Structures are given as structure tokens and as C-alpha cells.
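The values are calculated or read from the model by the stated rules, or taken from the named source; none is laboratory data. Please read all numbers here as calculations on a predicted model, not as lab measurements. Positions of Cβ are backbone-derived with ideal geometry, glycine not excepted, and every protein chain shown enters the neighbour counts.
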Amino acid sequence: MAGSGDKADPVVPLTWGVTVISIAVIVIISLLVAGAIWRRPGIAPQPAGSKIAVDEKTDGLRWIWIGVGISSLVLLFTVVWTMVVLAEVTSPATKPALTVEITGHQWWWQVRYLSNDPSQIFSTANEIHIPAGQPVLFKLVGADVIHSFWIPALGGKTDAIPGQTNETWLEAHTPGIYRGQCTEYCGLQHAKMGMLLITQTPRDFAAWRTHQLESPARPSNGGQWAGLANFTTHCGSCHAVRGTDAAGSLGPDLSHLMQRHTIAAGILPNDPADLDRWIADPQGIKPGALMPKPELSANERASIISYLKTLN
Ligand code: CUA
């Protein structure tokens, strides 16, 4: 009965507590109603037109007050418990050391690591790395419609709304991989708008971050260079790779694509076969996705895959 982070910890017992209380209330009320129906005093049939004497026992009202009293106490208890938990999860115990801006797009997540030093800012997509054991501040924005950011194991959901920045925070106790999902209906591929939150030891996270800030290595053979040229021509107006002429910002930044576990917002494993399926026909996998089917020959596609495989 524990969550996986500071924000989830007090919420888990509250969830179970209120569930158990609610079930108990339903069971008790059902039994009382059933008992009342079963035990009603028999009234002998009277001839039509005759008067029935009213039984004016007055102690019946006592049970109404007892019932109202018990219900009010139970409600008051759950309200107070909820307020205490809300106060507890409003802000983290220590100041967040890291701020990540998450932008919900139809249908993927842009992840931007913010910093006062512009040289430390970079973007990635659909996979968020954070250090374990430290609260992280998330700034949430919607690029087109309202989306909602939710990592269930770590905390509640917060909407990502166009023209407004919402803030939330999360902390994870241990390194691990947590699945997240858009939880506000945002169009055709809402259900396929997943993400992964990867928590690492602070040392591993620092290494990951340093690596993300670097440009990926240059191609090392002719096939890969051809792939880079094809990528820049066909994909570069929507996707960016650090250190190349591909600098589009409509789709995910692919600078270190091979470091990701999944592609297409958490719906396909990141392996060459699925990458090929995705590039060959994005609309077949995510109908309505804003990535059009690229006009590529089989050779051009193969060269692009061979180039993408170098983006470590
Ligand atoms: Cu984005 Cu639902």
C-alpha cells in the first residue's frame, strides 16, 4: 500500500481508505434497507372505506438522527483526510532541482529540459529522464488542444492546456521505468499518446544529460551519409538532429533516437524493423497522425534507417 514516490505515497492509502469506507457504507445501507423491507410489520387487510389507526410511536425518529450523525462523522473524516493529503502533495518537501517543460502535441510529448544557462537546454520526446530521490518540477503546456499528463505510479494527473502553463511535481524513490499516458481526450490517437518516465541514479542522470547536450557522431560510411542526406531532404523540415541541417520543430527531436526504448509516443518498440514499418506507413499505424507518409523508395528508406541507427 505504498506509491513509488513522495507525491504518490499519501494518495495510495487515501484511495484505498475511501474505497473501503464507501464499500462498507454501501453494504451497511443495503443490509438495513433489506432488513427494513423484510421486517415490516404485517398489516391486516382492511375492508374498503375503513380507517386505519396510525401507530404514533415516536422513538423511530431517534434512528434518523443516529443515522445522520454517523454519516456526517464518516463524511467529515474522509473530507479532513482528503484535505490533509492535498496539502501534503501541493508542493515537494525540498525545492525541485530540475525543471522540465512538457508540451502535449497531437499525438506525442515534447520534453524540454530548462536551465538559466541556454547552452544547457535541450529537447527530447516521449521519454522523460529524471534523477531518482529528487523532486522535479514539470511545466505543462498544450500545443494544440488540451492534453493531460499522468504518470500513475508517481502522482495525479495535470492538464496541459494551450496558452497556459500548469505546474506539477513528481519524485521517484528508486531508479525504474514508469509508464505514463495522456488522460484527456485529444483526438483520434489520444489512446496512443503514451510516454515513459525513466528514473536514474543522480550520477546516471547527469551522464545522460551531458550526452543529450552533445551532437550525435557523424556518419561513418557512404550509406549513412546518403541516409543523412535523404533524412535532411525528406524529414528535416519536421524533425531535428543536433549538428545537422535537419532542424524542424513540428515533430520529435531525433538527436539521440537510439537511446529511446520506444517510438511513435510509446506504441512501438524502438528496433529497426518497427522503425521501418513506422516510416513506411505512419498512417497505417496511427491513422490521423500528423506525420504524412513520406515519398521514399525502398533504398532511400533503408539508407535513412541506417543513418537513424547511428543516432546514439
Ligand atoms: Cu493527448 Cu489525449
_Quick check on my filter: what residues within region 188-237 are farther than 18 Å from ILE128 by Cβ and within 16 Å of the ligand (Cβ to nearest atom)?_
LEU188, GLN189, HIS190, ALA191
_Looking at ARG112, ARG179, can you tell me which residue is away from the ligand (no atom under 14 Å from the Cβ) and within 13 Å of the chain's Cα centre (by Cα)?_
ARG179
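Could we say that GLY49 is within 30 Å of LEU86 (Cα to Cα) and either without any contact (Cβ under 8 Å) to a residue 12 or more places away in the chain or not charged (D, E, K, R) (or both) here?
On the way: within 30 Å of LEU86 (Cα to Cα): no; either without any contact (Cβ under 8 Å) to a residue 12 or more places away in the chain or not charged (D, E, K, R) (or both): yes.
Judged against the criteria, GLY49 is not a match.
So which residues in region 158-174 are away from the ligand (no atom under 11 Å from the Cβ) and under 25 Å from THR15 (Cβ atoms)? Working first, answer last.
The initial filter retains those residues of region 158-174 that are away from the ligand (no atom under 11 Å from the Cβ), namely 158, 161-174.
THR158, ASN166, GLU167, THR168, TRP169, LEU170, GLU171, ALA172, HIS173, THR174 - these are the residues of region 158-174 that are away from the ligand (no atom under 11 Å from the Cβ) and under 25 Å from THR15 (Cβ atoms).
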_Given the criteria at pLDDT below 90 and either closer than 24 Å to HIS211 by Cβ or not assigned by TED's automatic domain parsing to the domain that holds GLN110 (or both), does PRO294 qualify?_
yes
*Looking at region 246-260, which of its residues are part of a loop (DSSP other than H, G, I, E, B), under 16 Å from ILE304 (Cα atoms), of a type outside the set (Ser, Thr, Tyr) and in contact with a Leu (Cβ under 9 Å, 6 or more places away or on another chain)?*
ALA246, LEU254, HIS256
_Within region 195-253, considering residues that are crowded, with 16+ Cβ neighbours inside 10 Å and of a type in the set (S, T, N, Q), the one farthest from HIS173 (Cα to Cα)_ = ASN230
